[in-house]
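In what follows, a structure is listed as structure tokens, so that the remarks can point back to it.
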Amino acid sequence: MTSQDSYLFRAAELLAKAESESDQEKRTELENLGRAFLRLAEQARRNSETDVTYEPPSPKLSEPEKEP
């Protein structure tokens, strides 16, 4: 299971729980959490499409020694 799938699954759980919640404050919080997990899923999808390559910095050229 990818991280995107995990986030989508969690979002679905939270949003389903919100639908059955009678306390409006709890319902709102569950809905907010569900939407946050949907945003995480979208970010995970975008991250999976990005090819990140680490390129180390070029080595510094040593400075010539100064004569006294």
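Could we say that THR2 is loosely packed, with under 11 Cβ neighbours inside 10 Å, within 25 Å of the chain's Cα centre (by Cα) and modelled with pLDDT under 95 here?
Here the answer is no, as THR2 does not meet what is asked.
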Q | Filter result for ALA18 (in contact with an Asp or Glu (Cβ under 7 Å, 6 or more places away or on another chain) and either free of Cβ contacts under 8 Å to residues at least 60 places away in the same chain or in a loop (DSSP other than H, G, I, E, B) (or both)) | A | yes
Every listed condition ((1) hydrophobic (A, V, I, L, M, F, W, C); (2) within 20 Å of the chain's Cα centre (by Cα); (3) in a helix (DSSP H, G or I)) holds for VAL52 save (3)
- Do we have any residue at all in segment 25-43 that's at pLDDT 95 or above and either part of a loop (DSSP other than H, G, I, E, B) or hydroxyl-bearing (Ser, Thr, Tyr) (or both)? yes
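The values are calculated or read from the model by the stated rules, or taken from the named source; none is laboratory data. Fair warning: this is a prediction, and the values are worked out from it, not measured in the lab. Note that we place each Cβ from the backbone using ideal geometry, even for glycine, and neighbour counts take in every protein chain shown.
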